[in-house]
Amino acid sequence: MSTSTPTPGTTPASGVTRPRVWIYSDVSPGAVAGGAYMVDTWIEQLDSAGYEVRLFSPSGSRERWRRPDHVAFTTWKDVAAVGDEHARYSALAEVRRARQDELPGVIFVASPGRVGMLGMATAQRYDVPLVMVHAFDLMGAQEFYDAKRAVVAVASKVVAMGVVSRKLRRRMLDVRSFFRDHDYSLTQRTPFHLLRACQIGAVSVIMLSRKHSEQIQSYVPDVPVHVIPSGVDRLPEAAPPPELAWREGALRVLYVGRFAREKNLFPVVEALKLARDEGVEVDLTLVGEGELGQQLTDHAAGHGVSDRFRAIGPYPRPTLRGIYASADVFVFASVSDTQGFVLNEAAHEGLPLLVADPHVNPVVSEGESAYVVPPTARGFADGFVALNDPELRAKLGERSQALAVDLSEARQSATVIEILRKAIAREPIEAIRL
């Protein structure tokens, strides 16, 4: 191929054209969140495969910058929900700059939030192939957060996106589509309606698990919906921190992640008392940070289980392997996550998984790698009692480790990159289920 007149979305460099990919993410790089890790992995793998990548994201602070590899927006915290990163930018200005910066071969939206909406509008304004990722469970999250607050937080961007893209505006104003989700309230329908409007313009939609995949596919049957979990490699070897101490003889139960409402941690704490009343000694360690840290500690004290509960951290992700390896069981109580990357990390260390959602992650196979319970204190207590059996733990842990090894970063990213390659080349794309 001649490099004197590069094809759209490529850049000549040393006689080689590099396909350009713009990634739009609603999480700042380095944030303690699965979305940040997912995007970091994609960028690394795309770069290794010879692609030129530019990331659009919140900066995570009041700073902003514009570089060839990264456009970062000023960030406000806790606007749509506690812990969110609210990117501040002018939609009209950003869409205009996109044209000036030379358009990419494909726009890859990692999450359909404020920054993701900018990517969708840019793609539809300039007819750039759009690949979307559904990286979170909208319906599940609305059970824990104020849907009205979230809608208000993105309302200005919705209006702006409709202004910059005639196609998107027409789809947003489709009243019949808005009233299609009649089982939901008017406020709850809004994010689904917007997603459907954006999905019509996509060439592919990627989901991280099978959760709601049929519903998403029903929005636009002609757009292929892929189920491609993100790959997670084993963490580097590391010793556990000195403050991590388990009681002798107790079942060591671990959680790693944010201390947030949608993680459903209060019933797990309450289950400690129920298990104790049944004669099973359980130690619970929560590792991470979040707005509920002190409340969880107080909750343990209120139920008389402070002696078997601790919340520590956070710790840098590369140092977590020793913490996982020190535990007997990994508990994941959320029913609103769409993958839960910590489940892969725990599975790599051969831990049996105690979960409330059997569809959250491919490493979760009920009865084979995981013990599935209702998302209640009684459910988790029953799980503690069952997993007090070392033979059951060994059986589940062996299978969870095998499943985690199979979901490597290189393997999973290669599938995503192939979809992006076909999008750039405008080739037909068939649905993939991994």
Original post:
Can you pull out the residues in region 340-395 that are open to solvent by less than 10 Å² (accessible area, probe 1.4 Å) and in a strand (DSSP E or B)?
Top reply: L353, L354, V355, A370
**OP:** Could you list, in sequence order, all residues of region 328-339 that are within 16 Å of A271 (Cβ to Cβ) and either acidic (D, E) or open to solvent by 10 Å² or more (accessible area, probe 1.4 Å) (or both)?
**Re:** D328, V335
Original post:
Hey, among the residues in region 225-264 that are open to solvent by 50 Å² or more (accessible area, probe 1.4 Å) and touching a Phe, Trp or Tyr at 6+ places or on another chain (Cβ under 7 Å), which one's modelled with the highest pLDDT?
Top reply: R252
Original post:
Only one of these conditions is not met by S2: (1) of a type outside the set (A, V, I, L, M, F, W, C); (2) closer than 24 Å to Y89 by Cβ; (3) modelled with pLDDT under 75. Which number is it?
Top reply: (2)
Original post:
How many of the residues in region 346-392 are of a type in the set (A, V, I, L, M) and closer than 15 Å to A275 by Cβ?
Top reply: 7
**OP:** Could you please let me know if E262 is out of contact with any His (no Cβ under 7 Å at 6 or more places or on another chain) and in a loop (DSSP other than H, G, I, E, B)?
**Re:** no
Subject >> Total residues in region 300-317, condition under 20 Å from R261 (Cβ atoms), modelled with pLDDT of 95 or more and open to solvent by 40 Å² or more (accessible area, probe 1.4 Å) >> reply: 4
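One line per residue, one yes/no per condition, for (1) at pLDDT below 95; (2) within 30 Å of D47 (Cβ to Cβ):
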| position | (1), (2) |
| --- | --- |
| E349 | no, yes |
| P358 | yes, no |
| P362 | yes, yes |
| K395 | no, no |
| A404 | no, yes |
| I417 | no, yes |
Original post:
Are there any strands (runs of 3 or more DSSP E) wholly within region 266-335 with 1 or more residues that are in contact with a Phe, Trp or Tyr (Cβ under 6 Å, 6 or more places away or on another chain), and if so which?
Top reply: 282-289, 329-332
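Rundown of residues vs (1) open to solvent by 50 Å² or more (accessible area, probe 1.4 Å); (2) at pLDDT 90 or above, yes/no style:
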position	(1), (2)
P8	yes, no
S25	no, yes
Q45	no, yes
E63	yes, yes
Original post:
Out of region 396-434, which residues are of a type in the set (A, V, I, L, M), over 16 Å from V21 (Cβ atoms) and either free of Cβ contacts under 8 Å to residues at least 40 places away in the same chain or in a loop (DSSP other than H, G, I, E, B) (or both)?
Top reply: A402, L407, A431, I432, L434
Original post:
Which residues, taken from region 402-434, are over 21 Å from the mean Cα position of the chain (by Cα) and either within 30 Å of G383 (Cα to Cα) or buried (at least 16 other Cβ atoms within 10 Å of the Cβ) (or both)?
Top reply: A402, R421, K422, A423, I424, I429
**OP:** Those residues that are open to solvent by less than 20 Å² (accessible area, probe 1.4 Å) and in contact with a helix residue (DSSP H, G or I) (Cβ under 8 Å, 6 or more places away or on another chain), I need them from region 210-219; list them, please.
**Re:** I216, Y219
**OP:** Looking at (1) within 21 Å of V21 (Cα to Cα); (2) of a type in the set (V, I, T); (3) open to solvent by less than 20 Å² (accessible area, probe 1.4 Å), find the lone condition where T75 falls short.
**Re:** (1)
Original post:
Would it be correct to say that R247 is of a type in the set (K, R) and in a loop (DSSP other than H, G, I, E, B)?
Top reply: yes
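The values are calculated or read from the model by the stated rules, or taken from the named source; none is laboratory data. Fair warning: this is a prediction, and the values are worked out from it, not measured in the lab. Cβ sites come from the backbone with ideal geometry, for glycine too, and all protein chains shown count toward neighbours. Ligands, DNA and RNA are excluded from the accessible area calculation, which covers all protein heavy atoms including side chains. Shrake-Rupley method; radii C 1.70, N 1.55, O 1.52, S 1.80 Å.
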